[in-house]
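The values are calculated or read from the model by the stated rules, or taken from the named source; none is laboratory data. Here the structure is a predicted model, which is why all the values come from computation and not from measurement. Note that we place each Cβ from the backbone using ideal geometry, even for glycine, and neighbour counts take in every protein chain shown.
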2 protein chains.
Amino acid sequence: MDYEKLSAHVDSKRQEYMDQLATIIRIESISADPARNKDMRRCAEAIASMMREAGIENVRLFETEGNPLVYGEYIHAAGKPTILIYGHYDVQPVDPIPEWNTPPFEPTVRGDDLFCRGASDDKGQLFIHLKAFETYKLLFGEPPVNLKFIFEGEEEIGSIHLEPFIRSHKDLLKADTVLISDTAMYGRDMPTICYGLRGLAYVELTVENATIDLHSGSFGGAVENPVHVLADIISGFHDRYGRVTIPHFYDDVAEVSDGERMEIARLPYSDEEFLRQSGAVVPCGEFGWSTNERLWIRPTLDVNGIYGGFTGEGAKTIIPSKATAKISMRLVPNQKSARILDLFEEHVKEIAPPTVKVFVKKMHSGEPALTPIDHPAVKATSSALEQVFGKKPFYTREGGSIPEVTTFQDALGAPVILLGFGLPDENSHAPNEHLYLRHFFDGIKTVAVLYEKMASIR
Amino acid sequence: MDYEKLSAHVDSKRQEYMDQLATIIRIESISADPARNKDMRRCAEAIASMMREAGIENVRLFETEGNPLVYGEYIHAAGKPTILIYGHYDVQPVDPIPEWNTPPFEPTVRGDDLFCRGASDDKGQLFIHLKAFETYKLLFGEPPVNLKFIFEGEEEIGSIHLEPFIRSHKDLLKADTVLISDTAMYGRDMPTICYGLRGLAYVELTVENATIDLHSGSFGGAVENPVHVLADIISGFHDRYGRVTIPHFYDDVAEVSDGERMEIARLPYSDEEFLRQSGAVVPCGEFGWSTNERLWIRPTLDVNGIYGGFTGEGAKTIIPSKATAKISMRLVPNQKSARILDLFEEHVKEIAPPTVKVFVKKMHSGEPALTPIDHPAVKATSSALEQVFGKKPFYTREGGSIPEVTTFQDALGAPVILLGFGLPDENSHAPNEHLYLRHFFDGIKTVAVLYEKMASIR
């Protein structure tokens, strides 16, 4: 491959690519919000159009009971490996809106970054694959691998319909490798292959006493306050060493070898940089583990949101009738989300006092995953990254969840490569999400190069 | 006085009174909401008009830096006592709106009750005094006492401008007795004089870590979660006996005599009825005290509202950047709100971990109060109630706060009589606030009778 030609071509198309990306990130495809159903479909259709324009074939929407899946393929390399590329076109909610410097769905370039909900997670990364295909075909003709594309619209709400789709379309999706660009690089100019993901178990915990809010003058002191009970429960979820207190929570956690812990310790890390990225006061967490270990190889329990009683302007003197916490547990191999959800519910029912009613709503979940790092497809990816970035990639894990990774591995029997072009500080689930544009363009180059590196993996 | 004439007249005017009351409770005078400034003024002016129509003189609005005060007087009984009547035209917020059976500001009669925000607390009770005056004058001519009326629009947000107004208008407001109808009767057909009120100290406690919400995949387990810290703090506010753990919190609590505790114990009370009124699962609270004691003579600390992180539909996987609790403490004689607010702040700052920033915002406060129950004005009130209701009244305390009671006592040197016509289950700070109409009409009669009973108190 004439890499200089590829690189020069991509560089010449920067404005055009950004303009095209803008048309899909403008669409308010928030899957958590039932009111956005039409936007979800509009986004799926816009992506399908782009795929067709890029030359991808058999592009179509598969309907689900939720948001449609977008599929396309290009299968002309007989006897060569097949790569299945996955991405998602749904995005996280955008509140609190006042904290955005520019409107959440108005693509805005400031400095080296493109700001918009979905710019990094995951429409920008999905778009890399469309442009890589288009570019390769334009410059070098037929790709030396077969390609399949599957893009879903429910990643941020647990990929509920993707999993059954994968299981019922194994032939359609059959591939030698699954390539996912939905993760972050370890840092700027640090090409990264991610070999492990945490799983997720998400619940809503509600503590209820009265059916209506009560005047705290008339009832305060003589009725249970559900916020106090919820606080007691939350406060009890961790011991003083930051360990989760739910019985049997750690039973299935796979031991991590000293060797792997040493690999993690070798990665560049500084508290200063971590605090810059997070904006946190100090690093903290489970006693006895480093920051990266806490993020990658240790399970967690975090309250993601809490509400109850009066939350408006000013002061209202009520005893809330109920209070709710949204709680997620990040899981590591070999924890199983279903078991963890059961343990959570059992524990909460066990410790709830008789003064209240307690409800546990199991929301969604995804299993933790590990990818073998000595697979030829991983080595091919490493080689492509090295060519574009000029350095060997880092091997990391990721603290987040991509529930379908496990499903792809299980259902297709194919290794999943996590080739992310995001960055850890791109606010992918927070206000002012953005995408570092140089990695976006280098991502397009990397994926085009990767087609050739992948051609010989079997 | 020809009581039968009074009673028959009031009974004949029921629909007319309800229609008139409807015009003022329709006005959305929520003082906690800065967006309702115009409604506040509109409500004040509507009440002033009604006062003029009733024959009250020198009616005018006194401007404050907040909502206007409405004043009026009728001073024609030379050498006779002067009664100052206080009420408030502001109301509590109305959320959660979906829990209202009919729109919050749409007066609706169902059964024996009138449903509307403000029907009971306090526009309905304020209105009783306007109609009592109008009726007395119409039927019996000049009242045998002098009357002054002062209605404020900031009771639900701590009466911030009333207190300085009272202190700077002592001559204008000078009276022998202050009469307040803003409390509840002990139950249906149980005429009640309230001789004690709890005070209030209200704060907003915010725990903050990062400046933005963080992706719980990227950061979960390695940064402090402000909701967890807030839960720890709230959980620690009470010991296992339901006592508030803030150091020195109980230092100034006046001892209550065994005699008074026996009086409280003699009042009709059943757990069943208490649970029916509150909708709570079980009665509970501080160990060693009865329900009425917990409500009237014991101080409390309650979270009135809590919020942080993602509180919308569905699931969002973030570590909240901050979390806030609105917290109020109900105070009893001789606790001082300023000292309690200081103790709260000191305690929270003392126990806050170094992983977060903690902010305490002192919101508003009111002092606890006690009224001597052997004062002639209390006896006159007792006699008026007995005439209208046909039974001797009950003497109670109230768990709620009317901050200005202390100010009236201190600044005017006058006893304050709490003559409430509300009921404990009228949802005065909750959805579906309502007013029991029979007490409303009996209230008008009682106040008209009271003019004559009060004529001889000095």
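Yes/no per residue for (1) modelled with pLDDT under 95; (2) under 24 Å from A:F219 (Cβ atoms):
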site: B:A414; (1), (2): yes, no
site: B:P424; (1), (2): yes, yes
site: B:H429; (1), (2): yes, yes
site: B:E433; (1), (2): no, yes
site: B:F440; (1), (2): no, yes
site: B:T446; (1), (2): no, no
site: B:V449; (1), (2): no, no
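All of A:E142, A:E156, A:E134 fail the test of being under 19 Å from A:N427 (Cβ atoms), assigned by TED's automatic domain parsing to the domain that holds A:S181 and acidic (D, E), apart from A:E156. A Cβ distance below 8 Å, combined with a sequence gap of six or more or placement on separate chains, defines the contacts here; from segment B:421-445, residues that are not assigned by TED's automatic domain parsing to the domain that holds B:V388 reach no residue that is surrounded by 21 or more Cβ atoms within 10 Å (Cβ to Cβ). All of (1) assigned to a helix (DSSP H, G or I); (2) modelled with pLDDT of 95 or more hold for B:E260 with one exception: (2).
Remark: pairs (first residue in segment B:447-458, among the basic types (K, R); second residue surrounded by 19 or more Cβ atoms within 10 Å (Cβ to Cβ); Cβ separation under 7 Å; 6+ apart in sequence or on different chains) = B:K453/B:A380; B:K453/B:A384; B:R458/B:P81; B:R458/B:D176.
Residue-level check: of (1) more than 14 Å from every other protein chain (Cβ to nearest Cβ); (2) β-branched (V, I, T); (3) closer than 28 Å to A:G420 by Cβ, A:I246 misses just (3). If you check B:T381, B:T396, B:T406 for being among the β-branched types (V, I, T), under 22 Å from B:R188 (Cβ atoms) and more than 14 Å from every other protein chain (Cβ to nearest Cβ), only one passes: B:T381. Residues that are touching a residue at least 12 places away in the same chain (Cβ under 8 Å), under 27 Å from B:G309 (Cβ atoms), of a type in the set (V, I, T) and crowded, with 20+ Cβ neighbours inside 10 Å are absent from segment A:366-384 altogether. Looking at segment A:30-46 only, could you name the residues that are away from chain B (no Cβ under 14 Å) and either without any contact (Cβ under 8 Å) to a residue 24 or more places away in the chain or within 22 Å of A:V109 (Cα to Cα) (or both)? Once the filter is applied, which keeps residues that are away from chain B (no Cβ under 14 Å) and either without any contact (Cβ under 8 Å) to a residue 24 or more places away in the chain or within 22 Å of A:V109 (Cα to Cα) (or both), segment A:30-46 yields A:K38, A:D39, A:R42, A:C43, A:E45, A:A46. When segment B:201-241 is filtered for residues that are in contact (Cβ under 8 Å) with a residue 12 or more places away in the chain, at the interface with chain A (Cβ under 7 Å from one of its Cβ atoms) and aliphatic (A, V, I, L, M), the ones remaining, listed by number, are B:A210, B:I212, B:L214, B:V223, B:V227, B:I234.
Is it fair to say B:G124 is in the same structural domain as B:P424 (by TED's automatic domain parsing) and surrounded by fewer than 24 Cβ atoms within 10 Å (Cβ to Cβ)?
Working: in the same structural domain as B:P424 (by TED's automatic domain parsing): yes; surrounded by fewer than 24 Cβ atoms within 10 Å (Cβ to Cβ): no.
When the stated conditions are applied, B:G124 does not pass them.
When the residues of segment A:247-273 are filtered to those that are hydroxyl-bearing (S, T, Y) and closer than 20 Å to A:P299 by Cα, which remaining residue is surrounded by the most Cβ atoms within 10 Å (Cβ to Cβ)? I'd like the intermediate steps shown before the answer.
Here is the first cut: in segment A:247-273, the residues hydroxyl-bearing (S, T, Y) are A:250, A:257, A:269-270.
Okay, now just the ones that are also closer than 20 Å to A:P299 by Cα, so A:250, A:257.
Working: A:Y250: 13, A:S257: 9.
Per the stated criteria, the residue is A:Y250.
When restricted to residues that are modelled with pLDDT of 95 or more and surrounded by fewer than 18 Cβ atoms within 10 Å (Cβ to Cβ), segment A:82-98 contains 0. Out of the residues in segment A:275-333 that are touching a residue at least 40 places away in the same chain (Cβ under 8 Å) and aromatic (F, W, Y), state the one that is farthest from the other protein chains (Cβ to nearest Cβ). Top of the filtered list is A:F287.
Does B:K316 fit the bill of being modelled with pLDDT of 95 or more and touching a strand residue (DSSP E or B) at 6+ places or on another chain (Cβ under 8 Å)?
Numbers: modelled with pLDDT of 95 or more: no; touching a strand residue (DSSP E or B) at 6+ places or on another chain (Cβ under 8 Å): yes.
Taking the combined requirement at face value, the residue does not satisfy it.
For every residue, the table says whether it meets (1) in contact with a Cys (Cβ under 6 Å, 6 or more places away or on another chain); (2) under 30 Å from B:I212 (Cβ atoms); (3) modelled with pLDDT of 95 or more.
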site: B:D302; (1), (2), (3): no, no, yes
site: B:E350; (1), (2), (3): no, yes, yes
site: B:P354; (1), (2), (3): no, yes, yes
site: B:A369; (1), (2), (3): no, no, no
site: B:P372; (1), (2), (3): no, no, no
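Check every one of the helices (runs of 4 or more DSSP H) wholly within segment B:286-402 and list those with 1 or more residues that are over 22 Å from B:L200 (Cβ atoms). Steps first, answer last, please.
Working: elements: B:291-296, B:337-351, B:376-389.
So the answer is B:337-351, B:376-389.
Reported count of residues in segment A:58-85, each being farther than 10 Å from A:K148 by Cα and not in a strand (DSSP E or B), is 12. In segment A:208-241, of all residues being farther than 24 Å from B:Y307 by Cβ and in contact with a Ser or Thr (Cβ under 9 Å, 6 or more places away or on another chain), the one that is surrounded by the most Cβ atoms within 10 Å (Cβ to Cβ) corresponds to A:A222. For the criterion of being of a type outside the set (D, E, K, R), in contact (Cβ under 8 Å) with a residue 40 or more places away in the chain, more than 14 Å from chain A (Cβ to nearest Cβ) and part of a helix (DSSP H, G or I), B:A119 fails.
Taken over segment B:251-269, the criterion of being away from every other protein chain (no Cβ under 13 Å) and not aliphatic (A, V, I, L, M) is satisfied by B:D251, B:D252, B:E255, B:S257, B:D258, B:G259, B:E260, B:R261, B:E263, B:R266, B:P268.
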